[in-house]
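The values are calculated or read from the model by the stated rules, or taken from the named source; none is laboratory data. The structure presented is a predicted model; accordingly, all values stated were derived computationally and were not measured. Note: ideal-geometry Cβ built from the backbone for every residue, glycine included; neighbour counts use all protein chains shown. The protein model used for the area step is the full one, side chains on, heavy atoms only, and it has no ligands, DNA or RNA in it. Shrake-Rupley method; radii C 1.70, N 1.55, O 1.52, S 1.80 Å.
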Amino acid sequence: MAVYTKMLSLRTSGQGTYEFTDEITDALRGSGLREGTVTVFCCHTSCSLVIMENADPSARHDLHYFLNKLVPTDDPHYTHTLEGPDDMTSHIKMALTRTAEVVPFVDGRLCLGTWQGVYLWEHRDASHSRRIVLSFQGE
Amino acid sequence: MAVYTKMLSLRTSGQGTYEFTDEITDALRGSGLREGTVTVFCCHTSCSLVIMENADPSARHDLHYFLNKLVPTDDPHYTHTLEGPDDMTSHIKMALTRTAEVVPFVDGRLCLGTWQGVYLWEHRDASHSRRIVLSFQGE
Amino acid sequence: MAVYTKMLSLRTSGQGTYEFTDEITDALRGSGLREGTVTVFCCHTSCSLVIMENADPSARHDLHYFLNKLVPTDDPHYTHTLEGPDDMTSHIKMALTRTAEVVPFVDGRLCLGTWQGVYLWEHRDASHSRRIVLSFQGE
């Protein structure tokens, strides 16, 4: 067995989900590993990860709509508002989704379902450069 | 250290939580491993995983009630509705729960708490056959 | 590659988030491993994990506020209420957050972002002793 770590830097341009399944697939190929898992880790508390349908964009559109409705920016009880109205809501949205995902692979291929894609979910309005760590373990 | 991968197929019959802790325990025994982790991965975007109390069924009953209240089917703003009113809500419920769980094991036994069971959470009304990947790593 | 497992026991005193990043860092040092992942696993269904900003306490204050608003204790439809009004809400809050987190490490250091801390999220009102399993894998 072996470990292989790869750092990614992803550019976001406002709230939304950004697929990076291809970057993970490329890194898996680079690792030379055939069977094991990849841990996908998001190094931030104002964006998060989700594995979501990548066929019909309307599904992600509705997902964004729902989370924005669930976590409104206009709640007067927030105290952590130094960076603007999307500051606290970003942390809450992160906490309700995921910081780490772990995806198995077999025969050198990710065990994702037919419609599953791995997404970075940006919760801030401004553009950001986001760091993702991929840790492959296997043989 | 070694890797051992096992594919499960679980049959669901409508919305609800389906425990499959025993299937994981059986696969752990089959792996011959004594210490490490098992990654439990759900290959779908309309069902998910949760580790929940398995003592009193009323806890899961109330959990189902809460999530259905939180994610109502009658929101007229959904656009991803091709497969019916439980289509978009299934994706949202999945995103709010978990696609992967990772459970350590020691001395050949899962480190689950006394009342913890691993559940597949089906969010669709119709019956489905669901694929779960178990990736054991350890020694 | 090697496995190293460490059990933690954390004392909580009512609802809130309790950071234990230092305990994980100490255990990583004790493992002697330089590159790999640590699985952090919470052995309970009435508390959970979250990786959250550890700079400004107001962010966690607002996070607690939001989750309490989202999961109110006074819903008359709950049936799982034997242990009091914070019984069922604890399970729901756990299901909406995380039971396991997996954090990569490189050069003997956790790959956490500048402001990321690992927290145990206690959802019960009473004091509890909580078991956490750390499973390190790497080389």
Karplus-derived 3J(HN,Hα), 6.51/-1.76/1.60, for each residue of region A:36-48, Hz, glycine and proline x: x, 9, 10, 8, 9, 10, 9, 8, 9, 10, 10, 8, 8
Accessible surface buried once C binds A (1.4 Å probe; total of both sides; Å²): 2700 Å²
Positions from region B:1-33 whose accessible area shrinks by 30 Å² or more when the full protein complex is built, not the chain alone, probe 1.4 Å: B:Met1, B:Val3, B:Thr5
From the backbone phi of region A:102-117, what are the Karplus-calculated ³J(HN,Hα) couplings (6.51 cos²θ - 1.76 cosθ + 1.60, θ = phi - 60°) in whole Hz, Gly and Pro given as x? 10, 10, x, 9, 9, 6, x, 10, 4, 7, 7, x, 3, 10, 8, x
To the nearest 10 degrees, how steeply does helix B:57-70 sit against the main Cα axis of chain B, on a 0 to 90 scale? 50 degrees
Give me the distance between the Cα centres of region A:46-98 and region C:77-94, rounded to whole Å. 26 Å
For A:Asp125, inter-copy label distances in nm, listed shortest first [label point 7 Å out on the Cα-Cβ vector]: 4.0, 4.0
Rounded tilt (10° steps) of A:85-96 against the dominant C-alpha axis of chain A: 40 degrees
For label points placed 7 Å from Cα toward Cβ, what is the shortest-first list of nm distances from C:Pro57 to its copies? 4.6, 4.6
Carbon/sulfur accessible area of region A:1-61, % of total, 1.4 Å probe, equals 44 percent
Under a point-charge model restricted to the Cβ atoms of Lys and Arg (+1) and Asp and Glu (-1), what is the dipole moment magnitude of the protein assembly as shown relative to its Cα centre, in debye to the nearest 20? 900 debye
Residues C:Asn68 and B:Asp125, FRET efficiency given R0 of 41 Å [Cβ-Cβ distance, rounded to 0.05]: 0.85
Taking B:Lys69 as the anchor, which lysines have their alpha carbon closer than 30 Å to its alpha carbon, excluding any fewer than eight residues away along the same chain? A:Lys69, A:Lys93, B:Lys93, C:Lys69, C:Lys93
Name the long-range amide H neighbours of B:Phe105: under 5 Å, sequence gap of 5 or more, or other chain; modelled H, no Pro or chain starts. B:Gly36, B:Thr37, B:Val38, B:Cys111
With a 10 Å cut-off between alpha carbons and a GNM built on chain B, which of B:Asp22, B:Asp125, B:Asp86 moves the most? B:Asp22
Can you tell me which of A:Glu23, A:Glu122, A:Glu83 moves the most in a GNM of chain A? Springs connect C-alpha atoms under 10 Å apart. A:Glu83
Where does chain B land at 222 nm, in deg cm²/dmol rounded to the nearest 500, when only DSSP H runs of n ≥ 4 count, each adding -39500 (n - 2.57), divided by all residues? -8500 deg cm²/dmol
So what is the accessible area of chain C per residue, in Å², with the probe set to 1.4 Å? 38 Å²
Label geometry 7 Å along the beta-carbon vector: C:Glu83 inter-copy distances in nm: 3.6, 3.6
Which FRET efficiency, nearest 0.05, do B:Tyr18 and B:Glu83 yield, Cβ-Cβ r, R0 22 Å? 0.60
Tell me, what ³J(HN,Hα) does each residue in region C:16-28 have, in order and in whole Hz, if you take phi through Karplus 6.51 cos²θ - 1.76 cosθ + 1.60 with θ = phi - 60° and put x for Gly and Pro? x, 10, 10, 6, 9, 4, 4, 5, 6, 4, 4, 5, 4
Can you name the residue in chain C whose Cβ lies closest to the C-to-A rotation axis, and give that gap in whole Å? C:Met1, 3
Report the local net charge at B:His77: Lys and Arg +1, Asp and Glu -1, summed over other residues whose C-beta lies under 10 Å from its C-beta. -1
